[in-house]
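Asks: Can you read through this structure? Questions will come right after.
Derivation of every value follows stated rules applied to the coordinates shown; laboratory data play no part. Everything quoted here is computed from the prediction, not taken from an experiment. Methodologically, a virtual Cβ is constructed for each residue, glycine included, from the backbone with ideal geometry; neighbour enumeration extends over all protein chains shown.
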Amino acid sequence: MRQDQLEGLVAFVCVAENSSFSAAAIQLGVSPSAVSQSIRNLEARLGIPLFNRTTRSVRLTEAGAQYLDRIGPTLRELLVASEDVGLAESEASGLLRLNVPRAGFMILLQPVLRRFLDHYPKIKVEIALNNQLVDIVSGGFDAGLRFSDKVEKDMIAVNVGPPIWAHIVASPDYLDRRGVPETPHDLLGHDCINFRHVTSGQIEKWEFARDGEAFELAVSGRLTVNDSAALVQSALDGIGVAYMISGYIERFIENGRLVRMLPEWSPRFDGLTLYFPSRQRVPSKLRALIDFLRTGDQPDQPDVDGALL
């Protein structure tokens, strides 16, 4: 066996799994042109095209799919074996790329990010804040963070983070001017700050629950935003009443800049989920983050089913 027969195989599998040269390049830590050249060299040696390329997509040819079926499992076993050899002696390292909604960053990552980076000095973290659902595989991300009801079924998912509750809040200035609502339906007479979801375009209805009774309200007001940070700032500015999930606003309640109302009507929501593609082996840098989020010194950390991994 000549050594050059193995050149380009890792790049081929990465492109095939990601359906993207750019995503494969990010995963391999090289330039897209280097990946393209590796694939061209491999196709030249084999004498067959492995991919159908367009400006928008990369797809395996029939011969490419057959080739992947033959070499994919063997190559993955070789890579896993190589990783296992040095696992006990190696420290988690490398670039960890995460796709995270703003709320997920503020609730889960921001409070612990400094401690995580201090604990793993050889890990670099790149966080893309994105409230829209994206394909983390084609985007070259190691993992994504979403609320559990938003995760695709073909992903491995791990529940992380504290319980999440709804908060009705307003500034003291607003409440001095407009009064404090005593029931959820009193909110229909207040200036409420509406939130429009970017993905669906729908205005969020406010959910309430107490003693088995649950309902939604379509509130009204003169301001609508589509960003959580803008929603919080608008409440701080005294523009109106805001409906927010916990994790964003506790510090403003503690220092008196916001007042929480109707806590007995606050429902609990699905928590945050870290998700990633199904793999035979979780990369050590991602495993380090999962273990840190599951066992780190975070308050109100829920139990996680260890059978997920």
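Asks: Show the residues, 5+ positions off or on another chain, whose built amide H is closer than 5 Å to the amide H of residue 210.
Replies: Residues meeting the criterion, in which the H sits 1.01 Å from N, do not exist here.
Asks: Using θ = phi - 60° and the Karplus curve 6.51 cos²θ - 1.76 cosθ + 1.60, what whole-Hz ³J(HN,Hα) does each residue of the stretch 255-272 get, with Gly and Pro shown as x?
Replies: In residue order, the calculated couplings are 8, x, 6, 10, 10, 8, 10, 6, x, 5, 9, 7, x, 9, 10, 4, x, 7 Hz.
Asks: Let me ask another. Need the full-extension length gain, residue 125 to residue 45, defined as separation in residues times 0.36 nm minus the C-alpha distance. One decimal, nm. Working shown, then result.
Replies: On the way: separation 80, 0.36 × 80 = 28.80 nm, distance 3.72 nm.
Gain on stretching residue 125 to residue 45: 25.1 nm.
Asks: Amide H neighbours of residue 273 under 5 Å, counting only residues 5+ apart in sequence or on other chains, H built in-plane at 1.01 Å?
Replies: Under 5 Å from the amide H of residue 273: 146, 147, 148, 160.
Asks: Tell me the label-point distance for the pair residue 268, residue 202, using the 7 Å Cα-to-Cβ offset, in nm and rounded to one decimal.
Replies: The answer from the label model is 2.4 nm.
Asks: Report the gain in length on full extension from residue 230 to residue 31: 0.36 nm times residue separation, minus Cα-Cα distance, nm rounded to one decimal. Write down the numbers at each step before the final one.
Replies: On the way: separation 199, 0.36 × 199 = 71.64 nm, distance 3.70 nm.
This chain segment gains 67.9 nm when fully extended.
Asks: Please give me the summed charge of the neighbours of residue 176: other residues whose Cβ is under 15 Å from its Cβ, Lys and Arg +1, Asp and Glu -1.
Replies: Working: positive: 177, 178, 257; negative: 173, 191, 237.
Once all neighbours under 15 Å are counted, the net charge is 0.
Asks: Compare the peptides 207-216, 115-124, 283-292 by average per-residue count of other Cβ atoms within 10 angstrom and give them in order, highest first. Don't skip to the end; give the middle numbers.
Replies: On the way: 207-216: 12.0, 115-124: 13.5, 283-292: 18.2.
Per-residue Cβ counts within 10 Å, averaged per peptide and sorted highest first, yield 283-292, 115-124, 207-216.
Asks: Also, quick follow-up: Non-local amide H neighbours of residue 125 (under 5 Å, H modeled in plane, Pro and chain starts lacking H): which ones?
Replies: Here 96 satisfy the definition.
Asks: Also, I was wondering about something else. Sequence gap at least 6, Cα distance under 8 Å: using those rules, report the relative contact order of the chain to the nearest whole percent.
Replies: 21
Asks: Next up: For the chain, which DSSP H helices look membrane-span-like by this rule: Cα extent along the axis of 27 Å or more and mean Kyte-Doolittle of at least -0.5?
Replies: 62-87
Asks: Here's something else I'd like to know. Who wins for biggest fluctuation among 78, 129, 42 in a Gaussian network model of the chain, springs between alpha carbons below 10 Å?
Replies: Checking each option, the largest mean-square fluctuation is seen for 78.
Asks: Residue 135 versus residue 152, label points 7 Å from Cα toward the beta carbon: distance in nm?
Replies: Result: 0.7 nm between the two label points.
Asks: Using just the C-alpha positions of the chain as equal point scatterers, what log10 of I(q)/I(0) does the Debye formula give at each q in 0.07 1/Å?
Replies: Values, matching the q order: -0.39.
Asks: Hey, rough spin-label estimate for residue 65 and residue 222, points 7 angstrom out along Cα→Cβ, what's it come to in nanometres?
Replies: Rounded to a tenth, the inter-label distance reads 6.0 nm.
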